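Values in this text are rule-based calculations from the coordinates and carry no lab data. Quick caveat: nothing in here was measured; it's all calculated off a predicted structure.
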Amino acid sequence: MTERLSFTKYENEYLPRFRQKINKAESKEDVKKFFVYSMRDLLERVLEGNVDIRYDDVSLKPYGESSYAVSERLFATNTFKSLWSRSDRPRVIGRFAASASRRTFLKSALCLATIKSKALPSIFSMVAASSIFVRSARAVLSLTVAGREGINTACS
């Protein structure tokens, strides 16, 4: 029987700081940057310095089939490939990526709301149209109602 390794304890340690960072992000690019740096730190800790993790080794793909990508360079190392295939690391990173993707989508929705329309029905229908991000509709609606005038997010 193959031994399964769990990295959920690392997830529980990193998740609160990660959420704080992405909640304070001013743009979609900030969210992506926080995701990359957080995953780089997490992987370096898990791999105990046995593999050099670079900035471009993990990236957020909020609108892709998978919400994140891992570089071929990492998969070329035996240490990484071995731990990846026998652990819950893909699911752990996937949960971080899902959280960051929702925040990226929210930043996009707020930006569109600021530029294109201040009408609540159009914001709600835009968010509700995406089955992946339906839960974000409540957040967009409450943010828009609470501070329509204060939503001047940069669209980068």
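Straight-line cross-link partners of Lys32 among the aspartates and glutamates, defined as a Cα under 16 Å from its Cα and at least 8 positions apart when in the same chain: Asp41, Asp56, Asp57. The slack between Thr79 and Glu13, meaning 0.36 nm per residue of separation minus the straight C-alpha distance, is 21.5 nm. Kirkwood radius for the stretch 1-110, taken over all pairs of different Cα atoms as the inverse mean of 1/r, rounds to 14.3 Å. Per residue, the convex hull spanned by the Cα atoms of the stretch 45-105 measures out at 90 cubic angstrom.
The overall shape of the stretch 18-75, judged from the alpha-carbon gyration tensor, is oblate: a/c is not under 1.5, and a/b is no greater than b/c.
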